Amino acid sequence: MKFPAQNILLIATRHIGDVLLTTPLLRSLRFAYPDARIDALVYRWTAGILDGNPDVNRLITVNQDARLPEYARLVKSILRSYDLAVSTLTSDRPILYAFGAARKRVSLVPPYRLNDAWKRWITQAWVELDDWDTHTVIQNLRLCDVLDIPRHYDLVVPESHGSSDTLTALLPFSWQTTSYAVFHLVPLRFYKRWTLKGWQEVAEHLDAMGLRIVLVGGSDKEEVDYVRHFIQTCSAKAVDLTGRLKFSETAKLIRSCRVYVGPDTAVTHLAAATGTPTVALYGPTNPVKWAPWPHGFRKDRNPFERTGTQHVGNVVLVQGAGDCVPCHEEGCDHHRQSKSRCLEELDGATVIRAIEPVMV
């Protein structure tokens, strides 16, 4: 049933890409409750992905590694402040936030186990998590079904005033009239990383076609060092903007480029949401669950199948080869710093062949 609500809290304390994939749910809530105050609770380091989001009245942030006093302040600030709380996570803490925040709660819940049964008991409606066969956008939107509100499928990209001026100041060329490609080289997890040689081959190919290469990413030292090594060893000249852009500025940059290429990262999800031709390099990750959501895709089905290189809308998903792909594991050695053979063996020529059709 649709619960009457004037104050709504959406809880999405996960990674940046996960927060971006909640924006269709936020939009659905906004259209269903146009006069309500809708707040979003997220980790502090992910808040930028919701910059300028018109469906959110207020962002409430908490440190991922917060200690008890900070959690106590957070709970006190949200305690019984809402009519409805919506948790997009199945873990204990987000569902307890929902319980404390609102009289009515809906949530994703894990598959049934006796020690998790309380999560179903303290919610008025719930949706069981499918972590293998259902895309995350659709999984989140199933919460609309239990609320009896219409679904809206579009991701909402961050926006901020002054993004154009920032890009004009940072880029050594006219970004609004020059053909350029945007690369994001370094994912947070090593097992999602492609090869330096592959990146160089693609950059050199696009450079020969007359495109400028622009690199985006975070300010982590490992990422900065990797990008610096790429620039020093690649014959194609590249503009390095790693660590210098907000998500809203990155979205503006990508929206005007000819093509974006990146691995399984939040920036790749962001690129797909802008409508720009997006080439996503996937290995261990299950694309049914975690592929970029194509711009304008508004169907109640998964955009991508589990295996194979595929083209849906503005997204080309290039999948590394192997009978084990996608393993849905953290690389071949099952830890975050593991290599993934499927990506190690993905060559530049395969990616170039995937890029060329979307640039026509």
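Under the condition of being farther than 20 Å from Thr134 by Cα and not hydrophobic (A, V, I, L, M, F, W, C), which residue from the stretch 299-335 is surrounded by the fewest Cβ atoms within 10 Å (Cβ to Cβ)?
Ranking the candidates gives Asp323 first.
Tally up the residues in the stretch 213-227 that are assigned to a helix (DSSP H, G or I) and out of contact with any Asp or Glu (no Cβ under 7 Å at 6 or more places or on another chain), please.
6
Being closer than 30 Å to Arg298 by Cβ, of a type in the set (Gly, Ala, Ser), more than 24 Å from the chain's Cα centre (by Cα) and surrounded by 14 or more Cβ atoms within 10 Å (Cβ to Cβ) narrows it down to one of Ala5, Ala85, Ala47, Ala98, so name that one.
Unique residue meeting the criteria: Ala5.
Name the residue, out of Arg103, Arg73, Arg120, that is surrounded by fewer than 19 Cβ atoms within 10 Å (Cβ to Cβ), more than 25 Å from Asp145 (Cα to Cα), charged (D, E, K, R) and not assigned by TED's automatic domain parsing to the domain that holds His269.
After ruling out the rest, the residue left standing is Arg73.
Filtering the stretch 123-169 down to residues that are of a type outside the set (D, E, K, R) and surrounded by fewer than 15 Cβ atoms within 10 Å (Cβ to Cβ), which residue is nearest to the chain's Cα centre (by Cα)?
The residue in question is Trp132.
Would you call Leu167 assigned to a helix (DSSP H, G or I) and modelled with pLDDT of 95 or more?
So Leu167 fits the description; yes.
Looking at the stretch 54-92 only, could you name the residues that are part of a loop (DSSP other than H, G, I, E, B) and of a type in the set (Lys, Arg)?
Once the filter is applied, which keeps residues that are part of a loop (DSSP other than H, G, I, E, B) and of a type in the set (Lys, Arg), the stretch 54-92 yields Arg67, Arg80.
Considering every residue within the stretch 14-37, establish whether at least one is in a strand (DSSP E or B), surrounded by 17 or more Cβ atoms within 10 Å (Cβ to Cβ) and touching a helix residue (DSSP H, G or I) at 6+ places or on another chain (Cβ under 8 Å).
No: zero hits.
The values are calculated or read from the model by the stated rules, or taken from the named source; none is laboratory data. Note that the coordinates shown come from a computational prediction; the quantities given were computed from them, not determined experimentally. Positions of Cβ are backbone-derived with ideal geometry, glycine not excepted, and every protein chain shown enters the neighbour counts.
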